[in-house]
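K.L.:
Let me give you the structure first, and then I'll get to my questions.
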Amino acid sequence: MANTASAAKQARASLRRRVVNRRLLDNARLAQKKLLSLITAGKKDEALKLFPELQRCLDRAAKGKAIHRNRSARIKSRISLKLR
């Protein structure tokens, strides 16, 4: 339990941020799983069409600071290597 009013307000704000960050991360992970499953199934042409969606999700998560921008870049780089 928060001892001060400012600590209580911070606790409420962190809960709101957690919901937003969770949604951003879930969208990015879902797009990543879809793309990787297409790559392993050998459907690289479909995966190439889905890659911009993954980039958008990762960039949005990095912009909102749900993940670090370098992690976003690393994921995009590794998946683009698999698409070659």
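The values are calculated or read from the model by the stated rules, or taken from the named source; none is laboratory data. Because the structure is predicted, anything quoted here is derived from the model rather than measured. Virtual Cβ from ideal backbone geometry, glycine too; neighbours counted across all protein chains shown.
K.L.:
In the range 1-35, what residues are over 22 Å from R56 (Cα atoms) and among the aliphatic types (A, V, I, L, M)?
P.N.:
M1, A2, A5, A7, A8, A11, A13, L15
Every residue, every condition in (1) acidic (D, E); (2) modelled with pLDDT under 95; (3) exposed (fewer than 11 other Cβ atoms within 10 Å of the Cβ), yes or no:
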residue	(1), (2), (3)
Q10	no, no, no
V19	no, no, yes
G42	no, yes, yes
D45	yes, yes, yes
L48	no, yes, no
L54	no, no, no
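K.L.:
Hey, another quick one. Any idea which of A66, A73 is closer than 30 Å to A2 by Cβ and of a type in the set (A, V, I, L, M, F, W, C)?
P.N.:
Answer to the selection: A66.
K.L.:
For V20, only one of the following conditions fails: (1) hydrophobic (A, V, I, L, M, F, W, C); (2) without any contact (Cβ under 8 Å) to a residue 24 or more places away in the chain; (3) out of contact with any helix residue (DSSP H, G or I) (no Cβ under 8 Å at 6 or more places or on another chain). What is its number?
P.N.:
Failed condition: (2).
K.L.:
So, in the range 23-55, of the ones that are among the basic types (K, R) and touching a helix residue (DSSP H, G or I) at 6+ places or on another chain (Cβ under 8 Å), which residue ends up nearest to R84 (Cα to Cα)?
P.N.:
Result: K44.
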